Amino acid sequence: MSDQRRHHEANTGRDSKPVIFIFEGNNVLWMVAGVGLALLVFRICHGRWHWSLGESLAAGLVPLLLATLYVVVLKSGKPPGFDREFFEWKTHQASQWLDRLDRIGLWRSRPYFAPCRAKMSGRIPMDRQWINDRSTVDRQHDQPSNRSNTMKSRNEEEAS
């Protein structure tokens with residue numbers, strides 16, 4: 001038995017996560033995306049728009065800083081779905097705030113053509129007088145078009 005070697009699996013590579021600066025695991029992709037966007041913004045600002053080197057560098061650092069801030073505040077050391085739940089919570093808060101603005105009349109949270117909620121209490125949604133009053137519509141369609149009559153009279157005046 002002393003001649004046989006014992007083989008032990010060493011899967012340390014499987015268990016490790018890549019770490020660059022404060023980014024670990026899949027958060028490294030956020031850093032790579034931030035660096036890529038930073039280079040793209042710098043290149044566009046300096047090459048195409050002819051901004052100075054300092055202005056282009058400052059504009060290019062914005063995507064990298066946003067990616068770093070996102071990872072530090074919402075991803076690093078937090079549970080897996082923390083960032084998603086944070087944005088859902090903020091969206092819910094914003095919708096409640098917009099509903100409050102709608103109640104006092106400062107914001108319209110309904111589509112443009114939707115009837116007003118305050119006027120809808122106890123009424124049929126399409127109960128509008130101009131829809132139900134067919135007599136005015138029929139009168140408009142029964143009369144001959146005035147436009148053709150005026151065109152005939154203009155043509156007669158030009159001919160004479």
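The values are calculated or read from the model by the stated rules, or taken from the named source; none is laboratory data. Note that the coordinates shown come from a computational prediction; the quantities given were computed from them, not determined experimentally. Ideal geometry is used to build each Cβ from the backbone, glycine not excepted, and the neighbour counts take in all protein chains shown.
For the stretch 81-121, filtered to residues that are of a type in the set (A, V, I, L, M, F, W, C), surrounded by 11 or more Cβ atoms within 10 Å (Cβ to Cβ) and part of a loop (DSSP other than H, G, I, E, B), the residue that is modelled with the lowest pLDDT is 114.
One line per residue, one yes/no per condition, for (1) touching a residue at least 12 places away in the same chain (Cβ under 8 Å); (2) farther than 15 Å from residue 23 by Cα; (3) not polar (S, T, N, Q):
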residue: 44; (1), (2), (3): no, yes, yes
residue: 61; (1), (2), (3): yes, yes, yes
residue: 67; (1), (2), (3): yes, no, yes
residue: 71; (1), (2), (3): yes, no, yes
residue: 74; (1), (2), (3): yes, no, yes
residue: 83; (1), (2), (3): yes, yes, yes
residue: 91; (1), (2), (3): no, yes, no
residue: 97; (1), (2), (3): no, yes, yes
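Could you list all residues from the stretch 50-72 that are of a type in the set (S, T, N, Q), more than 22 Å from the chain's Cα centre (by Cα) and assigned to a helix (DSSP H, G or I)? Outline the logic, then answer.
Step one: filter the stretch 50-72 for residues of a type in the set (S, T, N, Q), giving 52, 56, 68.
Those left that are additionally more than 22 Å from the chain's Cα centre (by Cα): 52, 56.
Hit for the stretch 50-72 is 56, nothing else.
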